[in-house]
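Peer 1: There's a structure below that I have some questions on.
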Amino acid sequence: MEYFIQQLINGLTLGSIYGLIAIGYTMVYGIIGMINFAHGDIFTVGAYVALAVILLLGISGATGATMLVLALLLVLVISMVFTAVWGWTVERIAYRPLRGSFRLAPLITAIGMSIVLQNFIQVTQGARVKPIQPIISGGIPLFDGRSDGGIIVQLSWMQLLIIVSTFVLMVGFTFLITKTALGRSQRACEQDQKMAALLGVDVDKTISLTFVMGAALAAVAGLMFLLLYGVLDFYIGFLAGIKAFTAAVLGGIGSLPGAMLGGIVLGLIEVFWSAYFSVEYKDVAAFSILAIVLIFMPSGLLGKPEVEKV
Amino acid sequence: MAGETESGTGQDQPVATTHPEGAQIKTEERAEAPNLVVSTGPRGLSERVKQAAIATFITAVLAFFFFPIRTSIAPGGLDITWRWSLYALALIFAFFGKLLVDAYLLSPAGPRVRAMVSGLFILGFVILYAWHPLGDILFGTGQFEELLGSILIGTVFGAILLGLVVLISRATGKIGTAATGVAAQKKADRISTFGKWALRVLFVVALMLPWIVMFLFPNRDRQLIDISILILTYVMLGWGLNIVVGLAGLLDLGYVAFYAVGAYAYALLAQYFGFGFWMALPLAGLFAAMWGIMLGFPVLRLRGDYLAIVTLAFGEIIRVVLLNWSEFTGGPDGIGRIPKPTLFGIEFNRGEGGFADIFGLDYDTIHRFIFFYYIIFVLALITHFATMRLRRLPVGRAWEALREDEIACRSLGINTTLVKLSAFSIGAMFGGFAGSFFATRQGFISPESFTFIESAIILAIVVLGGLGSQIGVVFASIVMIGGIELLRNIGFLSVVFGENFDPTQFRMLIFGLAMVLIMVWKPRGLISARQPSAVYKERKSIGADVVAQGEGH
């Protein structure tokens, strides 16, 4: 039982990270109907920027609690801003010129962009794995199961931070989409770009901002990943990207709450699979879910069924 | 819009004339995004400089955490190394690069502006290079050379690609210009004539290659033939994938899975049942095709972009299974000592009964290299001829119809799942053949060889060559695989750019950039006259020639 609860907490943490990345996929898909294959690598960029800022500020496990919170906030903001510029640039260079081209074209540039980002990071930062010392340690012991042969269930500060900040971001984000002018024009573009343009919505700007927001959230996920696992390499975005995409599909691509829900469900499945079956095949489990959902339930958990227009 | 991308070729054609009238209307109808502003680019010099400054600023932001700051592993954690010089140089290049690209490509400038911009650029470069001490002070010792190296490689590749474009455009008429009615037909005809002739010349060269190499470079023949074998392997894989991506229009990101199935099929058959190469080869193709059907059956009902992701996931699944099923596949250690192929039972080894012994030659390892070369040559030719024949069969025509319009296909009563499945499995079969050749050539295989990168390389070759173009795949393989292998082996480069200079680390970067640029510039690839195999006698205003320029789906 203790083991189960511990795994549940771990799954929620992992799922939050997947969910944050998945939002980027789902927003872009919703608005221009393409899979932004390079999004996983934008997440890597975010993690590397965060790493550099952490090293520049000299944050370590020894930093005092108040300072630590402020410093991490600073890291978060900087890496969100810089990663957002990356997201914007990718859209500007690789996707905007191909809007309205044949369907495979932007997908191919997206793959190209993904390769470029990965190898850019490898060439400039080196191929070796970069470890950092744990910055946030300790946690709240929820209950002690050692008396009857179990383990201590612990919610670490790190996990709490990830879950809480994901929740806060989700609330803020939902507000942004439902209540602000930007969110309104975004939803308008999603429904009908031409009509939105006729009504005075700057479509190009809205699409750019979608990429910027997606990249900023990916940067948050990147920082979380770095803090949680403490290791980085240029390849992390590949797996994380496919899994986040799986999460987006699972939740119903195009739906924001769906992306979050899909992320959490996928995180739970992956963690429980590793805990009770086999660690080696956890990726296979995640990918199989992708295939199964796409084949049997293409609109996902919360998505709208897609009608193909002639 | 296609109009915009076409205008990027630097031709002085007004955008409106790049399409036949019918196509123009079609473009407007198809345009989902109201991208009404046709980018005119900067006009005056001050405007140009302003734009270049903006580009430089963006580069500065993008590169800030990657160029000047380098995290490296030090005792007791990570450490930061500063590289301001690299950053400065990158920014200088961003500024002048933007000016140059604008002046020559995006919004062609007058001769005075052009001369000024390029003069400045060249002058600065020459000063930096000639006055080496200054470069060292400005950029730090060693770094300058490294940077020059990457620039040189970029230039060399750019030049090769440009050369190819010019060559092809000479032969086929202006590239990227108006393709209307009769002119389009002429262009398409010229391209196909050019393709035929190029294929013939290439065929003869390829047939004679081992002898040419042995005659011209007697000291490095093994190495060169080895590179040729590698190139031919990628040509074959590219042709195999071309059936799936180029002809049927299905984006398969997991093609390497079938390559892996073929390789492991042979390796395991040899290990457990003692099969030889020639017996295992058809079986490997069969296995790969079966896997193609198995994987394809559930997923081929999906739309294009979903299919891409699912095939990618399947590719990874196969790799993970190969990696973890240690009892059967050897896991990460792979399978070694895979037997070499024989020539009608004659082995290529030293001593009694070997090839050299029977034919009365002196034993030389090169015999085996040549033998390998001809095996892959024949395999690649089989792939090519099978593709060309299949295109003329009803199923091939159905592939091309499917690529152009799936809904129309369905309305005409074509069983799209079956048609897709046939393309998928036939493509997979050729991948399987190539895989078992790879296994026997290497003698050792492990899951390391079948990562996503491999799929990406094959896809890049197909995309760069022009989706559906057979000869394009050959050019792309030669340039991208052969070019980089050659660069690695050119001795003087490491003398000029320092011992640690390794062009292969830029390989994937170049691949990726080329993929993006080519797609943006010419969405249908460099050599992009994909003629449908079946056409009406009379061409309509919107036909394959328009489709070839990126219109339609």
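Peer 1: In this structure, does B:LEU295 turn out to be outside any helix (DSSP H, G or I) and within 10 Å of chain A (Cβ to nearest Cβ)?
Peer 2: no
Peer 1: Checking the condition hydrophobic (A, V, I, L, M, F, W, C), touching a His at 6+ places or on another chain (Cβ under 9 Å) and in a helix (DSSP H, G or I), which residue from B:LEU224, B:LEU207, B:LEU199, B:LEU232 passes?
Peer 2: Checking each option against the conditions leaves just B:LEU199.
Peer 1: Could you tell me which numbered condition A:LEU51 fails, if it satisfies all but one of (1) crowded, with 20+ Cβ neighbours inside 10 Å; (2) away from chain B (no Cβ under 14 Å)?
Peer 2: So A:LEU51 meets the others, but not (2).
Peer 1: Could I ask something else about it? Here's a check for you: in segment B:274-311, which residue that is under 18 Å from B:ARG337 (Cβ atoms) and in contact with a helix residue (DSSP H, G or I) (Cβ under 9 Å, 6 or more places away or on another chain) is surrounded by the fewest Cβ atoms within 10 Å (Cβ to Cβ)?
Peer 2: Step by step, filter segment B:274-311, then rank; the result is B:MET279.
Peer 1: Take segment A:102-129 and flag every residue that is closer than 17 Å to A:VAL28 by Cα and at the interface with chain B (Cβ under 7 Å from one of its Cβ atoms).
Peer 2: The answer is A:ARG103, A:LEU104, A:ALA105, A:LEU107, A:ILE108, A:THR109, A:ILE111, A:MET113.
Peer 1: Could you say which residue among B:PHE65, B:PHE57, B:PHE93, B:PHE121 is touching a Phe, Trp or Tyr at 6+ places or on another chain (Cβ under 7 Å) and modelled with pLDDT of 75 or more?
Peer 2: When all the criteria are applied, what remains is B:PHE65.
Peer 1: Got a sec? Which of B:ASP252, B:ASP305 is within 14 Å of chain A (Cβ to nearest Cβ), at pLDDT below 90 and part of a loop (DSSP other than H, G, I, E, B)?
Peer 2: Selected residue: B:ASP252, the only one of B:ASP252, B:ASP305 that is within 14 Å of chain A (Cβ to nearest Cβ), at pLDDT below 90 and part of a loop (DSSP other than H, G, I, E, B).
Peer 1: Could you tell me how many of the residues in segment A:77-101 are touching a helix residue (DSSP H, G or I) at 6+ places or on another chain (Cβ under 6 Å) and more than 8 Å from chain B (Cβ to nearest Cβ)?
Peer 2: Qualifying residue count, segment A:77-101: 10.
Peer 1: Pairs please, first residue from segment A:278-290 and free of Cβ contacts under 8 Å to residues at least 12 places away in the same chain and at the interface with chain B (Cβ under 7 Å from one of its Cβ atoms), second anywhere and part of a helix (DSSP H, G or I) and of a type outside the set (A, V, I, L, M, F, W, C), Cβ atoms under 8 Å, 6+ apart in sequence or on different chains.
Peer 2: Here the result reads A:GLU280/B:ASN324; A:TYR281/B:ASN324, each pair linking segment A:278-290 to a residue that is part of a helix (DSSP H, G or I) and of a type outside the set (A, V, I, L, M, F, W, C).
Peer 1: Also, quick follow-up: Among A:THR109, A:THR66, which is of a type in the set (Ser, Thr, Tyr), part of a helix (DSSP H, G or I), out of contact with any strand residue (DSSP E or B) (no Cβ under 8 Å at 6 or more places or on another chain) and surrounded by fewer than 20 Cβ atoms within 10 Å (Cβ to Cβ)?
Peer 2: A:THR66
Peer 1: Return the pairs, sorted by first residue and then second, in which the second residue is surrounded by fewer than 24 Cβ atoms within 10 Å (Cβ to Cβ) and among the polar types (S, T, N, Q), the first residue lies in segment B:236-263 and is more than 11 Å from B:ILE461 (Cβ to Cβ), the beta carbons are less than 6 Å apart, and the residues are 6+ apart or on different chains.
Peer 2: B:ILE243/B:THR387
Peer 1: Being at pLDDT below 65 and either surrounded by 18 or more Cβ atoms within 10 Å (Cβ to Cβ) or within 14 Å of chain A (Cβ to nearest Cβ) (or both) narrows it down to one residue among B:GLN470, B:GLN505, B:GLN531; which is it?
Peer 2: None of the other options fit; the residue is B:GLN531.
Peer 1: Could you tell me which of the residues B:ILE338, B:ILE346 is among the hydrophobic types (A, V, I, L, M, F, W, C), more than 10 Å from chain A (Cβ to nearest Cβ) and crowded, with 22+ Cβ neighbours inside 10 Å?
Peer 2: Within the list B:ILE338, B:ILE346, the selection yields B:ILE338.
Peer 1: Checking A:GLY30 against (1) out of contact with any Phe, Trp or Tyr (no Cβ under 9 Å at 6 or more places or on another chain); (2) farther than 21 Å from A:GLY230 by Cα; (3) facing chain B (nearest Cβ under 9 Å), which test does it fail?
Peer 2: A:GLY30 satisfies every listed condition except (3).
Peer 1: Then there is this: Checking A:GLN154 against (1) touching a Gly at 6+ places or on another chain (Cβ under 6 Å); (2) in a loop (DSSP other than H, G, I, E, B), which single condition isn't satisfied?
Peer 2: For A:GLN154, the failing item is (2).
Peer 1: Continuing with this model, one more query. Condition (residue is out of contact with any Lys or Arg (no Cβ under 9 Å at 6 or more places or on another chain), in the same structural domain as B:ARG114 (by TED's automatic domain parsing) and over 28 Å from A:SER60 (Cβ atoms)) applied to segment B:67-85: is it met by at least one residue?
Peer 2: Yes, the conditions are met somewhere in segment B:67-85.
Peer 1: Go over the candidates B:GLY396, B:GLY351 one by one and state the one that is under 26 Å from B:GLN271 (Cα atoms), among the small types (Gly, Ala, Ser) and either part of a helix (DSSP H, G or I) or modelled with pLDDT under 90 (or both).
Peer 2: Step by step, each of B:GLY396, B:GLY351 is checked, and only B:GLY351 is under 26 Å from B:GLN271 (Cα atoms), among the small types (Gly, Ala, Ser) and either part of a helix (DSSP H, G or I) or modelled with pLDDT under 90 (or both).
Quick grid of which residues meet (1) at pLDDT below 90; (2) more than 12 Å from the chain's Cα centre (by Cα); (3) within 12 Å of chain B (Cβ to nearest Cβ):
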| residue | (1), (2), (3) |
| --- | --- |
| A:VAL212 | no, yes, no |
| A:LEU217 | no, no, no |
| A:LEU223 | no, no, no |
| A:ASP233 | yes, yes, yes |
| A:THR246 | yes, no, yes |
| A:VAL249 | yes, yes, yes |
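The values are calculated or read from the model by the stated rules, or taken from the named source; none is laboratory data. Computed from a predicted structure; not experimentally measured. Counting neighbours? That spans all protein chains shown, and the Cβs are built from the backbone with ideal geometry, glycine included.
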